[in-house]
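Trainee: Structure in structure tokens, see below.
Taken together, the values in this text are just the output of simple stated rules run on the coordinates, not laboratory data. Given the structure is predicted, the values throughout are model-derived calculations rather than measurements. Counting neighbours? That spans all protein chains shown, and the Cβs are built from the backbone with ideal geometry, glycine included.
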Amino acid sequence: MSDESRQYRTAAVIPAAGRGVRLGPGAPKALRALNGTPMLIHAVRAMAASRAVSLVVVVAPPDGAPEVKRLLDTYALPERTDYLVVPGGGTRQESVRLGLDALPEDIGIVLVHDAARPLVPVETVDAVVQAVRDGAPAVVPALPLADTVKEIEPAAQGEPEPVVFTPERARLRAVQTPQGFDRDTLMRAHDTVAVAGEGATDDAGMVEQLGEPVVVVPGHEEAFKVTRPLDLVLAEAVLARRRANDGF
Ligand code: CTP
Ligand code: MG
């Protein structure tokens, strides 16, 4: 294998170990069905749809790795895509770290993609990979915000929260996944930034803490995160629209 292809082999790490507390009671979020297929399978297929991605590492719920492995064996992936399953940790940051530790040596570019964003289009995945190949150490897809955002001072439960600041909306972006990284940069970020409290929810933010540049590329409406019950309704509507459009 030439040095160049070594440098450019791309893997996607999919943290899928969360419980999905905000979605309400039930199976771990990544294993819940969207139109009959587990959310995780949609997310894995979304990564495997990119010709750039040769390996998918799924980070399963801590006690659910065998079940997730069986699931991936059941649903066919493109032949060019390998997959691995590792058990996750107590925070997203720890789960991503456990996924990174499983990467083979010949991977040069890493995508980190939430299982909870099952519908990201392949164009977004490819745009992120391309920006890393073009030399950016860290790339995040992002969209402008619909809502104005305010920073508040947290108050006791039930008390009104004082506003401390209103950033200019036009300069804000809501970030999505897959986020793309030069492998060594992301490893260094995970080696450097300690897990504090709930841990980092955004890998690019950890790279920012190293002082390395992070760039934004256009995200996609369909890359939204399934977080609350209404998001399930939206996700199934998107799938129904895709199916209808495929019919023509
Ligand atoms: N995640 C993970 N390991 C954890 C926590 C989260 O791998 N210990 C993953 C989730 O499975 C999800 C992604 O990180 O794919 C984004 O997290 P989030 O949307 O917050 O999912 P949950 O943590 O499962 O949901 P909640 O916060 O509502 O419990
Ligand atoms: Mg969470």
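Trainee: For the stretch 135-201, which strands (runs of 3 or more DSSP E) that fit wholly inside it have 1 or more residues that are small (Gly, Ala, Ser) and surrounded by 12 or more Cβ atoms within 10 Å (Cβ to Cβ)?
Mentor: Values: elements: 138-144, 163-165, 173-175, 179-182.
Because the criterion is at least 1 residues that are small (Gly, Ala, Ser) and surrounded by 12 or more Cβ atoms within 10 Å (Cβ to Cβ), the strands (runs of 3 or more DSSP E) in the stretch 135-201 that meet it are 138-144, 173-175, 179-182.
Trainee: Of everything in the stretch 12-22, what is near ligand 1 (Cβ under 6 Å from one of its atoms) and touching a residue at least 60 places away in the same chain (Cβ under 8 Å)? Give them in sequence order.
Mentor: From the stretch 12-22, those near ligand 1 (Cβ under 6 Å from one of its atoms) are 15-22; that's our starting set.
Passing the criteria: Pro15, Ala16, Ala17, Gly18, Gly20, Arg22.
Trainee: Out of all the residues in the stretch 82-97, which are touching a strand residue (DSSP E or B) at 6+ places or on another chain (Cβ under 6 Å) and within 16 Å of ligand 2 (Cβ to nearest atom)?
Mentor: Gly88, Arg92, Ser95, Val96
Trainee: Taking the condition of being within 13 Å of ligand 1 (Cβ to nearest atom), among the aliphatic types (A, V, I, L, M) and assigned to a helix (DSSP H, G or I), how many residues in the stretch 219-234 meet it?
Mentor: 2
Trainee: Looking at the stretch 107-117, which of its residues are assigned to a loop (DSSP other than H, G, I, E, B) and more than 9 Å from ligand 1 (Cβ to nearest atom)?
Mentor: Ile107, Gly108
Trainee: I need the helices (runs of 4 or more DSSP H) fully contained in the stretch 1-81, keeping only those with at least 1 residues that are hydrophobic (A, V, I, L, M, F, W, C) and in contact with a strand residue (DSSP E or B) (Cβ under 9 Å, 6 or more places away or on another chain). Let's see the steps before the verdict.
Mentor: Details: elements: 3-8, 39-48, 65-74.
Hits in the stretch 1-81: 39-48, 65-74.
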